[in-house]
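Enquirer: What follows is a structure written as structure tokens; I'll ask about it next.
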Amino acid sequence: MGVAGWLYLDRNDHLDSIAVLAKTPAQDTLSASFVFCGDRHRTNCVVDGDTFWFQGQKIRIADIDTPELSPPRCEVERIKGEAAKSRLLTLLNAGKFSLAAGFRDEDKYGRKLRTVSRAGNSLGDVLIDEGLARSWDGARHGWCQGG
């Protein structure tokens, strides 16, 4: 039973509470020089605070949710979303990191779902601690006042 015993679906067939079950790699071995994504070929670039391209593969950070930038629903969301995007760029460029797959390999958009860590610490947790992200609970929540 193991891991499956801890998972259950809610009434809408969504995983309840558990967004990621990931094993952190023993050693950080990945690195690249990241830039902000543009309209050109996307290899190693940051889309927003929780999505980036690495070695030509689109990755969604599985353990967090950050404000939307395409499009933001209000000015507060845009400002916080730009800050999260900039911070993720800095974090990814700060040294070697690891990617760990969780319970689901991809989301409905074909993005690889991965936890990103350095020295065993989630980079998503850094964004959460800095107020630029929330823990992913399986649903998007608004960043604008009142929702």
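Enquirer: Going by the structure shown, is SER86 surrounded by fewer than 17 Cβ atoms within 10 Å (Cβ to Cβ), polar (S, T, N, Q) and under 11 Å from the mean Cα position of the chain (by Cα)?
Expert: Details: surrounded by fewer than 17 Cβ atoms within 10 Å (Cβ to Cβ): yes; polar (S, T, N, Q): yes; under 11 Å from the mean Cα position of the chain (by Cα): no.
Against the criterion (surrounded by fewer than 17 Cβ atoms within 10 Å (Cβ to Cβ), polar (S, T, N, Q) and under 11 Å from the mean Cα position of the chain (by Cα)), SER86 does not qualify.
Enquirer: Considering only residues of the range 24-46 that are open to solvent by 40 Å² or more (accessible area, probe 1.4 Å) and outside any loop (DSSP other than H, G, I, E, B), which is farthest from LYS96 (Cα to Cα)?
Expert: Among residues in the range 24-46 that are open to solvent by 40 Å² or more (accessible area, probe 1.4 Å) and outside any loop (DSSP other than H, G, I, E, B), the one farthest from LYS96 (Cα to Cα) is PHE36.
Enquirer: Moving to a separate point now. Using the structure shown, decide if LYS80 is over 15 Å from PHE34 (Cβ atoms), surrounded by 14 or more Cβ atoms within 10 Å (Cβ to Cβ), in contact with a Phe, Trp or Tyr (Cβ under 7 Å, 6 or more places away or on another chain) and of a type in the set (D, E, K, R). I'd like the intermediate steps shown before the answer.
Expert: Details: over 15 Å from PHE34 (Cβ atoms): yes; surrounded by 14 or more Cβ atoms within 10 Å (Cβ to Cβ): yes; in contact with a Phe, Trp or Tyr (Cβ under 7 Å, 6 or more places away or on another chain): yes; of a type in the set (D, E, K, R): yes.
Spelling it out, LYS80 is indeed over 15 Å from PHE34 (Cβ atoms), surrounded by 14 or more Cβ atoms within 10 Å (Cβ to Cβ), in contact with a Phe, Trp or Tyr (Cβ under 7 Å, 6 or more places away or on another chain) and of a type in the set (D, E, K, R).
Enquirer: Looking only at the range 106-123, count how many residues are of a type in the set (Val, Ile, Thr) and under 16 Å from TRP53 (Cβ atoms).
Expert: Result for the range 106-123: 1.
Enquirer: Tell me, please, whether a residue that is in a loop (DSSP other than H, G, I, E, B), basic (Lys, Arg) and touching a residue at least 24 places away in the same chain (Cβ under 8 Å) can be found in the range 88-110.
Expert: First pass over the range 88-110, keeping only residues in a loop (DSSP other than H, G, I, E, B): 93-96, 107-110.
With basic (Lys, Arg) added as a condition, the list becomes 96, 108.
Going one step further and asking which of them are touching a residue at least 24 places away in the same chain (Cβ under 8 Å), we end up with 96.
Checked against the condition, which is being in a loop (DSSP other than H, G, I, E, B), basic (Lys, Arg) and touching a residue at least 24 places away in the same chain (Cβ under 8 Å), the range 88-110 yields at least one hit.
Enquirer: Return yes when ARG114 is under 16 Å from THR66 (Cα atoms) and not in a loop (DSSP other than H, G, I, E, B) and no when it is not. Write out each step before concluding.
Expert: Values: under 16 Å from THR66 (Cα atoms): yes; not in a loop (DSSP other than H, G, I, E, B): yes.
When the stated conditions are applied, ARG114 passes them.
Enquirer: Test ARG134 against the stated conditions and say whether it is of a type outside the set (A, V, I, L, M) and in contact with a helix residue (DSSP H, G or I) (Cβ under 7 Å, 6 or more places away or on another chain). Before you say what the answer is, go through the steps one by one.
Expert: Details: of a type outside the set (A, V, I, L, M): yes; in contact with a helix residue (DSSP H, G or I) (Cβ under 7 Å, 6 or more places away or on another chain): yes.
The answer is yes for ARG134.
Conditions (1) among the aromatic types (Phe, Trp, Tyr); (2) open to solvent by 30 Å² or more (accessible area, probe 1.4 Å); (3) out of contact with any strand residue (DSSP E or B) (no Cβ under 7 Å at 6 or more places or on another chain), marked per residue:
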{"site": "ASP50", "(1), (2), (3)": "no, no, no"}
{"site": "SER98", "(1), (2), (3)": "no, no, no"}
{"site": "ALA101", "(1), (2), (3)": "no, yes, no"}
{"site": "TYR109", "(1), (2), (3)": "yes, yes, yes"}
{"site": "GLY120", "(1), (2), (3)": "no, yes, yes"}
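Enquirer: Name the single residue, out of those in the range 122-147 being of a type in the set (A, V, I, L, M, F, W, C) and under 13 Å from the mean Cα position of the chain (by Cα), that is most open to solvent (accessible area, probe 1.4 Å). Walk me through how you get there before you give the answer.
Expert: Step one: list which residues in the range 122-147 are of a type in the set (A, V, I, L, M, F, W, C), which gives 123, 126-128, 132-133, 136, 139, 143-144.
Then keep just the ones that are under 13 Å from the mean Cα position of the chain (by Cα); that gives 123, 126-128, 132-133, 136.
Values: LEU123: 8, VAL126: 42, LEU127: 1, ILE128: 46, LEU132: 25, ALA133: 9, TRP136: 66 Å².
Filtering the range 122-147 for residues that are of a type in the set (A, V, I, L, M, F, W, C) and under 13 Å from the mean Cα position of the chain (by Cα), the one most open to solvent (accessible area, probe 1.4 Å) comes out as TRP136.
The values are calculated or read from the model by the stated rules, or taken from the named source; none is laboratory data. Just so it is clear, the structure is predicted and the values come from calculations on it, not from any experiment. Virtual Cβ from ideal backbone geometry, glycine too; neighbours counted across all protein chains shown. Surface accessibility is based on the protein's heavy atoms, side chains included, excluding ligands, DNA and RNA. Shrake-Rupley method; radii C 1.70, N 1.55, O 1.52, S 1.80 Å.
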